[in-house]
1. Only one of Val14, Val104 is free of Cβ contacts under 8 Å to residues at least 60 places away in the same chain and touching a strand residue (DSSP E or B) at 6+ places or on another chain (Cβ under 7 Å); which?
2. Here are some conditions: (1) touching a Lys or Arg at 6+ places or on another chain (Cβ under 7 Å); (2) over 20 Å from Glu32 (Cα atoms). Ile55 meets all but one. Which one does it not meet?
3. Could you tell me whether any residue of the stretch 25-38 is among the hydroxyl-bearing types (Ser, Thr, Tyr) and either in contact with a strand residue (DSSP E or B) (Cβ under 8 Å, 6 or more places away or on another chain) or more than 23 Å from Arg83 (Cα to Cα) (or both)?
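Read-outs: derived from the displayed coordinates by stated rules, not from any lab. Small disclaimer: the values here were computed from a predicted structure and weren't measured. Here the Cβ is made from the backbone with ideal geometry for all residues, glycine too, and neighbour counts use every protein chain on show.
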Amino acid sequence: MGAASVETVWQRYVRTAAWPTWAPQIRAVESEAELRAGMRGRVVPVVGPGVSFVIEAVDHQARTWRWRVQAGPVRMRLWHAVRARTPSGTETELHIDGPAPVVVAYAPVAHRALRRLVAP
């Protein structure tokens, strides 16, 4: 939960060039400028191999999106949501499906990035 508006947070998600501004583990994103279903790309991390991805679904009205990622033999599916928080601010939700050791290792990194995502 954070103080940024729901629209600001959603735009930080859908504009791939913005990802490195709130996700410190990402150096760059090689893809189209805005999320859409079927879009393919690659996340360039600060450390480690690149991560290929396919956007499976984007719902601008509900402010949700889902993608499939792969780094070498490791595959995961992530589902994201952005919601307005009463009386102000925004909250995000993230579900991760993948190998348990990878999900456990990634969870603190994702938590830190999502806190930055909703910051003003």
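1. Exactly one residue qualifies, and that residue is Val14.
2. So the condition that Ile55 fails would be (2).
3. Yes, there is a match, as at least one residue in the stretch 25-38 is among the hydroxyl-bearing types (Ser, Thr, Tyr) and either in contact with a strand residue (DSSP E or B) (Cβ under 8 Å, 6 or more places away or on another chain) or more than 23 Å from Arg83 (Cα to Cα) (or both).
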